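Reading through the structure tokens given below for one structure.
Nothing in this text is a laboratory measurement; each read-out follows from the coordinates by a stated rule. No experiment lies behind these values; they were computed from the predicted model shown. Reconstructed Cβ throughout: ideal geometry from the backbone, glycine too, with neighbour counts over all protein chains shown.
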Amino acid sequence: MTLICSTASRSLAALLAVGVVLGLSAHARAQHPQHIRPVPPVPAWTPGELEISLSAIPRTQSILAGASTNVWSYTGFLVNGAPGSLVPVANSFLGPTIHVLRGQHVTINLSNQLGEPTVTHLHGLDVPASVDGHPSMAFPSGTTSTVSFPVLNRAGTYWYHPHPDMTTVEQVQMGLAGFFLVHDAEEARLNLPSGAFDVPVCIQDRTFDASNQFVFNPNMLNGFFGSTMLVNGVPNYVHQTSSRVHRLRLLNGSSSRIYKLAFSDGTPMVVIGNDGGLLAAPETKPYLMLSPGERAEIWADFRGRPVGTQIVLRSLPFSGAGTSQGVALDVLRFEIIQGVTENRTLPATLSAITPYRLQDAVNASTPKTYAINLITSGGMPSFTLNGGLFSMFDVAANEIARCGTLEVIRVTNTAGAMQIAHPIHFHGRQFQILDRTVTAAGLANWNTVKDGYNNSGWKDTFMIMPGETVRILLRHGSYPGLFLYHCHNLVHEDLGMMRNFRLDP
Ligand code: C2O
Ligand code: CU
Ligand code: CU
């Protein structure tokens with residue numbers, strides 16, 4: 001694997017140099033449906049310490065019929081803690097699903113065996129800067145890095161993935177990612193579907209060459225769009241199940257592709273949670289937008305469906321988000337193979353969420369504004385945030401805040417010669433979306449996605465369309481230091497659409 005050193009020019013050409021190593025030609029493969037039934041065991045909890053050892057290693061995984069695919073994967077074992085804390089994902093390059101309890105103290109030893117530097121980020125978690133996976137913390141192959149932290153977050157669907165400068169997309173495309181699920185007492189009281197009916201669903205796209213190897217061939221500024229959908233690492237994913245209510249934990253683990261999700265048979269899209277856990281109350285949407293990095297939890301009620309029913313979770317068309325975005329496609333299929341009667345009621349109230357108020361922000365009348373723009377540097381166009389490209393320790397005056405303060409931040413997508421949709425992510429803290437506005441020119445495209453935005457509850461990533469301005473209210477965490485905000489289109493992130501922010505005590 002070619003190592004792009006940190007002095008390499010930040011350009012698509014450099015990214016593509018990696019692509020050449022991953023594989024050369026785009027080649028859609030005939031696919032063979034696979035019938036698998038992932039049944040994660042219910043974790044049995046004991047309080048206290050959890051210690052996990054993970055390795056990031058190259059290995060092979062059978063994904064398509066025929067030759068195995070070379071992948072990079074997190075593999076791990078439990079050093080100390082309840083047996084259900086680390087659950088491998090069957091037939092998958094995905095890393096093990098890590099289950100923790102709020103308040104638990106977690107230690108993760110990560111051994112890097114990739115042949116190039118890496119660092120792992122715990123996406124959505126409120127952890128010290130030294131644990132957050134800043135690219136400056138990337139450590140060499142052949143060494144181990146240990147992080148240790150208390151779980152401050154509420155119950156929710158979080159995830160982990162690499163975060164080295166300029167090689168994040170390559171490492172994620174090779175397979176490095178996993179779920180990190182936090183459980184707590186507030187959630188346990190609701191008695192939501194559990195065990196085999198609590199289903200993590202990681203949605204990704206990949207392209208394979210003629211010998212079944214991953215191809216990384218980003219489409220210029222829009223990013224990477226694979227020709228094959230994978231769910232939990234498996235193509236043509238069929239989830240055989242019974243006619244019950246399911247809690248689906250959807251994660252868009254794709255590098256660039258945005259989904260507009262709906263069920264083929266009209267089963268309502270009842271959203272019960274998002275990036276930072278349960279909503280205050282369920283919300284039924286005509287469809288759900290999920291951009292890279294975002295999560296959503298769905299109450300998928302398949303009761304009353306006769307045996308043999310097929311329900312496809314598909315992505316519907318939408319417009320104006322960029323070339324290759326908005327293509328209709330099927331994500332996975334549920335197949336009802338057993339009829340049961342289940343008494344279960346959707347709770348009217350899920351959790352307590354106090355809305356932040358604009359007037360409580362320390363900068364209520366002077367919002368920080370981070371504009372998305374497009375610049376050309378060294379002949380290569382790149383998207384920028386807040387006027388600049390990522391530089392390892394660079395912090396602008398408007399990227400400094402005090403720990404614990406509530407701020408209002410505006411992100412605008414109204415400048416530049418080319419506007420496309422972006423998933424914008426802030427490290428460190430879950431925030432609230434205050435409002436969204438759109439220009440007259442952006443309105444028609446915005447109308448094809450807006451009813452699927454999940455603007456409630458706690459967020460760490462939001463999608464922003466061309467012409468759109470999003471205001472968020474964010475209460476900074478109590479850990480000082482350097483954190484990141486960036487576009488979670490990983491091609492954009494590696495091209496420099498990422499900035500530091502600094503929290504001072
Ligand atoms: Cu999921 Cu900074 O990323
Ligand atoms: Cu993150
Ligand atoms: Cu972007």
Response to the item:
With 0.36 nm assigned to each residue of separation and the Cα-Cα distance removed, residue 395 to residue 342 gains 13.7 nm
Fill in: Cα gyration tensor category, rounded, prolate or oblate, for the stretch 266-395 with a/c compared to 1.5
oblate
Worksheet, complete the sentence: Convex hull around the C-alpha positions of the stretch 459-505: the volume in Å³ per residue is 99
Worksheet item: Which ³J(HN,Hα) values in Hz, rounded to whole numbers, follow from the phi angles of the stretch 175-181 under the Karplus curve 6.51 cos²θ - 1.76 cosθ + 1.60, where θ = phi - 60° and Gly and Pro get x?
Response: x, 7, 5, x, 7, 10, 9
Worksheet entry | Ranked list, fewest to most other Cβ atoms within 10 Å of each Cβ, for 356, 237 | 356, 237
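Among bridges DSSP assigns within the stretch 294-452, what percent are antiparallel (round to 5)? Walk me through the numbers on the way to the answer.
On the way: 13 of 17 bridges.
Roughly 75 percent of the DSSP beta bridges within the stretch 294-452 come out antiparallel.
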Item to complete: Starting from the Cα gyration tensor of the stretch 376-505, take the square roots of the eigenvalues, sort them a ≥ b ≥ c, and report rounded, prolate or oblate (rounded when a/c is under 1.5, otherwise prolate if a/b is larger than b/c, else oblate).
Response: oblate
Response to the item:
The answer for the net charge of residues other than residue 260 whose Cβ lies under 15 angstrom from its Cβ, with Lys and Arg +1 and Asp and Glu -1, is 0
Discussion item. Please compute the length gained on full extension between residue 371 and residue 80, using 0.36 nm multiplied by the number of residues separating them and subtracting their Cα-Cα distance.
Written reply: 100.2 nm
Worksheet entry | Given charges at Cβ of Lys, Arg, Asp, Glu: the chain dipole, positive-most of 292, 337, 160 | 337
Worksheet item: So for the chain, taking the charge dipole from beta-carbon charges (+1 Lys/Arg, -1 Asp/Glu), which of 143, 447, 100 sits furthest toward the positive end?
Response: 447
Discussion item. Within a 10 angstrom radius of the beta carbon, how do 427, 422 rank from fewest other beta carbons to most?
Written reply: 427, 422
Worksheet item: Counting Lys and Arg as +1 and Asp and Glu as -1, each charge on the Cβ, what is the dipole of the stretch 79-222 about the Cα centre in debye, to the nearest 20?
Response: 240
Worksheet, complete the sentence: For the chain, the Kirkwood Rh over every pair of distinct alpha carbons, in Å, works out to 22.8
Worksheet item: If each of residue 303 and residue 194 carries a label point 7 Å out from its Cα toward its Cβ, how far apart are those two points in nm?
Response: 1.9
Worksheet entry | For the chain, calculated [θ]222 nm from helices alone, where every DSSP H run of n ≥ 4 adds -39500 (n - 2.57) | -1500 deg cm²/dmol
Discussion item. Given Cβ point charges of +1 (Lys, Arg) and -1 (Asp, Glu) and nothing else, what value in debye, to the nearest 20, does the dipole of the chain about its Cα centre take?
Written reply: 680
Discussion item. Can you compute 3J(HN,Hα) from phi for each residue in the stretch 413-426, using the Karplus curve 6.51 cos²θ - 1.76 cosθ + 1.60 with θ = phi - 60°, rounded to whole Hz and x for Gly and Pro?
Written reply: 10, 10, 10, x, 6, 9, 10, 9, 7, 9, x, 9, 10, 10
Worksheet item: Under a point spin-label approximation (7 Å from Cα along Cα-to-Cβ), what is the residue 280-residue 141 distance to one decimal in nm?
Response: 5.1
Worksheet entry | Burial ordering of 458, 72, fewest other beta-carbon atoms within 10 Å first | 458, 72
Worksheet entry | Sequence ranges 51-63, 265-277, ranked by mean other-Cβ count within 10 angstrom, highest first | 265-277, 51-63
Item to complete: Based on alpha-carbon positions alone, could you give the equivalent ellipsoid semi-axes of the stretch 79-128 from the gyration tensor, as √(5λ), descending, whole Å?
Response: 20, 17, 11
Fill in: For the stretch 414-484, size of Cβ-based charge dipole, Lys and Arg +1, Asp and Glu -1, in debye
160
Response to the item:
Quick P(r) readout (the stretch 131-265; Cα-Cα; 10 Å bins; whole %) gives 9, 33, 33, 21, 4, 0
Discussion item. Once you order the gyration tensor axes a ≥ b ≥ c over the Cα atoms, which shape class does the stretch 389-466 get: rounded for a/c under 1.5, otherwise prolate or oblate by comparing a/b with b/c?
Written reply: oblate
Discussion item. Could you work out the pair-distance distribution P(r) of the stretch 361-424 from its alpha-carbon pairs, with 10 angstrom bin width and percents rounded to whole numbers?
Written reply: 18, 45, 30, 7, 0
